[in-house]
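Worksheet: the structure to be examined is printed underneath.
Laboratory data are not the source of any read-out in this text; all were calculated from the coordinates shown. For clarity, every value in this text was computed on a predicted model and none was experimentally measured. Cβ atoms come from the backbone with ideal geometry, glycine included; neighbour counts cover every protein chain shown.
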Amino acid sequence: MYNLHCHSLLSDGVLLPSELAVRYAAAGYKAIAITDHADYSNIALITKAILEFTRHWPKNRKIIVFPGVELTHLPPEQFEPLAKYARKEGIKVIIGHGETLVEPVITGTNRAALEADIDILAHPGLISDADIKLAKKRGIFLEVTSRHGHCDANPHVVEHALKLGAKLILNHDSHRPEDIISPQDLINLGLRAGLSQKEIDKIYREVGIYILKKEGK
Ligand SMILES: [Zn+2]
Ligand SMILES: [Zn+2]
């Protein structure tokens, strides 16, 4: 079981990366990505900090921790250079903070993020079919999220991604200990969003392949 989207106190989460890892392992997860919010003001600091953390996280622990970032509220033209920077530094999981219905994310963000070197477009709101096709073409995961408010568009994302054949991922975008839900609750979220158990199994197979690639296996 995986959750490739969570926040630590390197941005607006409340837990240290170590505590996130320990709590997710205790909840039954095998791999997480710590993906703090980044823009030009902090990307150098948080990429350095999370890479330092993941380099020291023991390989024999029960959980794999990938270094990540979530490029958030950027002027759209900044997705490309900042994704490139994060990748070059060694960040494995790059998320674009998509056009959720509950925040004033700049119009055009979904498109700009999908054109950049990202792995996951988070909470993409009422994403257009053209953008879903671009995600499919570029192999970028579209996120089904448990985050309050952001999750309102899950049925739209699921319906259109299934119709057009784009890859989905189930994540929970945690900021606080209370946000860490069990693997089964994350599956239930997918079912409520309109996925069948068979489709959820396929999502986990695809994410599993992606994780092996990120581990260099
Ligand atoms: Zn976000
Ligand atoms: Zn987030």
Quiz item: Hey, fewest Cβ within 10 Å first, where do S128, S174 land in order?
Solution: S128, S174
Quiz item: Taking the C-alpha atoms of the range 59-193, how large are the radius of gyration and the largest Cα-Cα span, Dmax, in Å?
Solution: 14.5, 43
Quiz item: Using only helices, what value at 222 nm comes out for the chain when you add -39,500 (n - 2.57) per DSSP H run of length 4 or more and divide by the total residues, to the nearest 500 deg cm²/dmol?
Solution: -13000 deg cm²/dmol
Quiz item: Which trypsin sites (Lys or Arg not before Pro) from the range 33-130 combine a DSSP loop assignment with at most 11 other Cβ atoms within 10 Å?
Solution: K59, R61
Self-check item: Radius ratio Rg over Rh of the range 1-97, counting only Cα atoms, Kirkwood formula for Rh
Solution: 0.97
Quiz item: Simple spin-label model, 7 Å along Cα-to-Cβ: R55 to Q78 in nm?
Solution: 2.6
Practice problem: Return the lysines within reach of K62: Cα separation strictly under 28 angstrom, same-chain partners fewer than 8 residues apart disregarded; answer none if there are no such residues. | Solution: K30, K48, K88, K92, K167, K198, K202, K213, K214, K217
Quiz item: Taking 0.36 nm per residue of separation and subtracting the Cα-Cα distance, what length does fully extending S182 through I106 add?
Solution: 24.1 nm
Quiz prompt | Debye log10 I(q)/I(0) at q = 0.15, 0.17, 0.30 Å⁻¹ for the range 161-217, Cα point scatterers | solution = -0.52, -0.65, -1.20
